[in-house]
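Okay, structure first, notes after.
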Amino acid sequence: MKKPVFALLCLCSISALAQSNSEDSLSIAVEMQGSFSNSKTPLWLNANKYGLSSLTTSNGYMRGMATYDKALLHDELKVQLGADVVIPIGYKIQGYNSHYTQNFIVQQAYVEANWKYGVLTVGARQQPLELKNNELSSGSQTLGINATPVPQVRLGLNRYWTIPFTGEWLALKTHVAFGMMMDAPWETNAAKGSVNKYNRYTRYHQKAGYLRIGNEEKFPLFLTLGLEMGAQFGGKVYNWVGTDENGWTGGNVKFNSKISDYWNAFTGGGSDAGEKVYSNAEGNILGSWVARLNWNDENIEIGAYIDHFFEDHSGMFFLDYDGYGSGSEWNERKDNRYFRYDLKDALVGIDVKLKKFRYVNQAVVEYINTRYQSGPIYHDHNETIQTHISGRDNYYNHASLPGWQHWGQTMGSPLFTSPIYNGDGYIGIKNNRFKAWHFALAGDPLEGLHYRAKLTWEKGYGTYDEPYLHLKENTSILFETSYRLPQTRLTCTLAFGSDFGELLGDNTGVQLTVKYNIR
């Protein structure tokens, strides 16, 4: 059965199920979008849209979305079915650097069950940012909203659970998920005719935990501390250049996907193919320490937050063991000595919500720095030199796995230049060392009228391995306004965006989106 027919049957099935019980809840919406630019689609008309975007001069889509909610077991168990299907317009003229490489996209398809605080999700579903403004932030560095959702099985807490015997001053929220990346067709097509590596059916893992300290009902100030982590492992890599005891070798390598490999991804254990003495963890393991201090009263909500990204233990704990012996004891731990790394890389931001002022009721300011990456030096200890320094972390990239991207878009912050911009078949991030300022605001000046605006300046340094000979700057702007027609279910959104600079090029474009909520 062809994908479009299958998806339409899914949508019709959800509608039929809902009509069997008038107490159940059904939501159906259709959406159309068109984007037009003089060159590539500008950054903020393309980014943070869960991968549903394209860089080509003219592109668009037709989209159908449906969710069906049913309560069971005396309303204690709530089940939701979701389907979100997209037909791109003009996909046949898209190149390898575009998301729209298929004539049909299943953006979301999931079954979700909620029981008390627990939630189980099976399938692909768009998940929001945690601890940041989803509409205005530049995004999270680990678990962002820039790429197509990865199909997965996800188990967690759907809201904060108050820890017993803490006087309601401590609460916890967490989740863990395993899935598989489905962008093998895009990676194969992107690397076609080149010597660049590409991957197929890479396994995916993510987990997060957040501890909230405070009680909003008694005092409006509270602190949230969290850890977000992701991993890629398994699958098969093609055109890989790896290492063995005899030197460099190339070829196609199938990685393990046994139960033990899933456990290694969860715990950070194991080692990659080709690793011998200097074995590390299995797969591409990364994450962020996150924190947010929040004040929330009846007039205003202010939050200050930080997101520190890391690729290995040096960035995660700011320490690495450096007490090895010399000579015949070169690989034995002899001394209680560690190398200390600095906290230089982070996204720091402030967001404000004014609850009684409609003209400008939200604002965000963020500064991002990723230039340090545990320093410019990487040196493994050996028989001659016992010093061990694990720098040059190479954010979002990995030697054998596809890097922190899905369908060509980074799965974290879009300010790491996504592979869809490369244009040479290389599936990796060519600009992961940068500094940037990001400003955004939003408001609702009239009934049914909403707007948002963004301004982002970025200076790119390339990577440690391939630095830019001349630093590349970029300024990106967005102005978007949405209007819901009175007494209708129709919303029209018009957006204007531009890029200026060498990093992304000079791009100017408009985007029109029309959405109709059928029910």
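The values are calculated or read from the model by the stated rules, or taken from the named source; none is laboratory data. This one's a predicted model, so the numbers in the text were calculated from it and none came from an experiment. Glycine also receives a Cβ, built like all others from the backbone with ideal geometry; neighbour counts cover every protein chain displayed. With ligands, DNA and RNA removed, areas are computed over all heavy atoms of the protein, side chains included. Shrake-Rupley method; radii C 1.70, N 1.55, O 1.52, S 1.80 Å.
Quick look at the values:
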| read-out | value |
| --- | --- |
| Filter result for L129 (under 28 Å from E301 (Cβ atoms), touching a strand residue (DSSP E or B) at 6+ places or on another chain (Cβ under 6 Å) and of a type in the set (A, V, I, L, M)) | no |
| Search result, residues across the range 326-346 that are among the hydroxyl-bearing types (S, T, Y) and part of a loop (DSSP other than H, G, I, E, B) | S326, Y341 |
| Qualifying residue in the range 206-219 (condition: open to solvent by 20 Å² or more (accessible area, probe 1.4 Å) and at pLDDT below 85) | no |
| Among the candidates G90, G144, G123, residue that is in contact with a Gly (Cβ under 8 Å, 6 or more places away or on another chain), surrounded by fewer than 20 Cβ atoms within 10 Å (Cβ to Cβ) and modelled with pLDDT of 95 or more | G123 |
| Single residue of G375, G349 found to be among the small types (G, A, S), open to solvent by less than 60 Å² (accessible area, probe 1.4 Å) and part of a loop (DSSP other than H, G, I, E, B) | G375 |
| Those residues of the range 315-371 which are closer than 11 Å to Q386 by Cβ and either in contact with a Lys or Arg (Cβ under 9 Å, 6 or more places away or on another chain) or among the small types (G, A, S) (or both), in sequence order | D322, G323, Y324, G325, S326, G327 |
| Checklist (1) in contact with a Pro (Cβ under 8 Å, 6 or more places away or on another chain); (2) open to solvent by 60 Å² or more (accessible area, probe 1.4 Å); (3) under 30 Å from T188 (Cα atoms) applied to R358, failing item | (3) |
| Counted residues, the range 255-282 - those being open to solvent by less than 40 Å² (accessible area, probe 1.4 Å), within 19 Å of L143 (Cβ to Cβ) and modelled with pLDDT of 85 or more | 1 |
| Filter result (hydroxyl-bearing (S, T, Y), open to solvent by 20 Å² or more (accessible area, probe 1.4 Å) and in a strand (DSSP E or B)) within the range 483-504 | Y483, T491, T493 |
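Rundown of residues vs (1) assigned to a strand (DSSP E or B); (2) under 19 Å from Q206 (Cβ atoms); (3) without any contact (Cβ under 8 Å) to a residue 12 or more places away in the chain; (4) not aliphatic (A, V, I, L, M), yes/no style:
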{"position": "N397", "(1), (2), (3), (4)": "no, yes, no, yes"}
{"position": "L401", "(1), (2), (3), (4)": "no, yes, no, no"}
{"position": "G412", "(1), (2), (3), (4)": "no, yes, no, yes"}
{"position": "G423", "(1), (2), (3), (4)": "no, no, no, yes"}
{"position": "K435", "(1), (2), (3), (4)": "yes, no, no, yes"}
{"position": "F439", "(1), (2), (3), (4)": "yes, no, no, yes"}
{"position": "Y451", "(1), (2), (3), (4)": "yes, no, no, yes"}
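Yes/no matrix, rows are residues, columns are (1) open to solvent by 50 Å² or more (accessible area, probe 1.4 Å); (2) acidic (D, E); (3) not in a strand (DSSP E or B):
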{"site": "G139", "(1), (2), (3)": "no, no, yes"}
{"site": "V153", "(1), (2), (3)": "yes, no, no"}
{"site": "R159", "(1), (2), (3)": "yes, no, yes"}
{"site": "T166", "(1), (2), (3)": "no, no, yes"}
{"site": "L172", "(1), (2), (3)": "yes, no, no"}
{"site": "H175", "(1), (2), (3)": "no, no, no"}
